[in-house]
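The values are calculated or read from the model by the stated rules, or taken from the named source; none is laboratory data. Because the structure is a prediction, the values reported are computed rather than measured. All Cβ positions, glycine included, derive from the backbone under ideal geometry; neighbour counts span all protein chains shown.
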Amino acid sequence: MEAGTGLAAMSMFQGVIGAYSSYMAGKAAKAVGKSNAYVANLAAEDAMRRGQVAEAQMRQKTKKLIGSQKASLAAQGIRTDTGSAADVQNEAADIGEMDALTIKNNALREAFGYRISGLQASAQGRITQMADNSQAMQSLLTGGMRAASYYNYGGGQ
């Protein structure tokens with residue numbers, strides 16, 4: 001085998017190895033992005049479940065408070081369904097509902113943040129894969145051009 005032919009074969013081999021390496025790196029990046037997106041979606045679901053539990057607990061706590069207020073007022077001989085006694089209970093219900101809705105809103109925001117992170121991770125994995133695939137093509141072309149150059153101009157005829 002002449003020097004030009006050997007160098008051409010080596011250049012082609014290097015191009016193929018470089019292309020394969022870039023291609024596999026791209027596949028790995030996509031898989032990591034997909035995995036990170038999956039974990040982020042699990043975190044979002046967890047945030048929603050925790051929010052639902054906390055929201056329900058807040059509403060239960062408010063009901064207990066109102067029940068305690070009624071019992072205390074009734075024990076003092078005060079009618080609980082009219083006047084300022086009813087106003088106090090209505091205010092407690094309003095404040096409790098506002099707290100429950102704040103908990104729900106916070107859980108939705110937390111879940112949204114996780115979902116956005118998941119989308120970003122997935123997109124970044126795909127972008128990296130595309131860049132690595134481009135690098136793979138470049139390696140093949142560069143190796144092929146180098147091989148042709150060695151073969152044509154290096155005496156490999």
- Item | Output for the stretch 116-132, where each listed residue is within 17 Å of S21 (Cβ to Cβ) and at pLDDT 95 or above | none
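Looking at the structure I just gave you, is R79 among the basic types (K, R) and more than 30 Å from A37 (Cβ to Cβ)?
On the way: among the basic types (K, R): yes; more than 30 Å from A37 (Cβ to Cβ): yes.
Yes: the conditions hold for R79.
Each row is one residue, and each column tells you yes or no for (1) surrounded by 15 or more Cβ atoms within 10 Å (Cβ to Cβ); (2) β-branched (V, I, T); (3) on the phi > 0 side of the Ramachandran plot.
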site	(1), (2), (3)
T5	yes, yes, no
M10	no, no, no
F13	no, no, no
S21	no, no, no
A25	yes, no, no
K30	yes, no, no
N36	yes, no, no
V39	no, yes, no
A44	yes, no, no
- Task: Those residues that are of a type in the set (A, V, I, L, M), part of a helix (DSSP H, G or I) and surrounded by 10 or more Cβ atoms within 10 Å (Cβ to Cβ), I need them from the stretch 73-102; list them, please.
- Result: L73, A74, A85, A86, V88, A92, A93, I95, M98, A100, L101
- Task: Return only the number of the condition from (1) more than 30 Å from T5 (Cβ to Cβ); (2) out of contact with any Phe, Trp or Tyr (no Cβ under 9 Å at 6 or more places or on another chain); (3) in contact (Cβ under 8 Å) with a residue 60 or more places away in the chain that A148 does not satisfy.
- Result: (1)
- Counting just the residues of the stretch 30-55 that are without any contact (Cβ under 8 Å) to a residue 40 or more places away in the chain and of a type in the set (A, V, I, L, M, F, W, C), which one comes out farthest from A111 (Cα to Cα)? V53
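Here are S117, S149, S139, S134: which of them is under 22 Å from the mean Cα position of the chain (by Cα) and not acidic (D, E)?
S117 is the lone residue from the list that is under 22 Å from the mean Cα position of the chain (by Cα) and not acidic (D, E).
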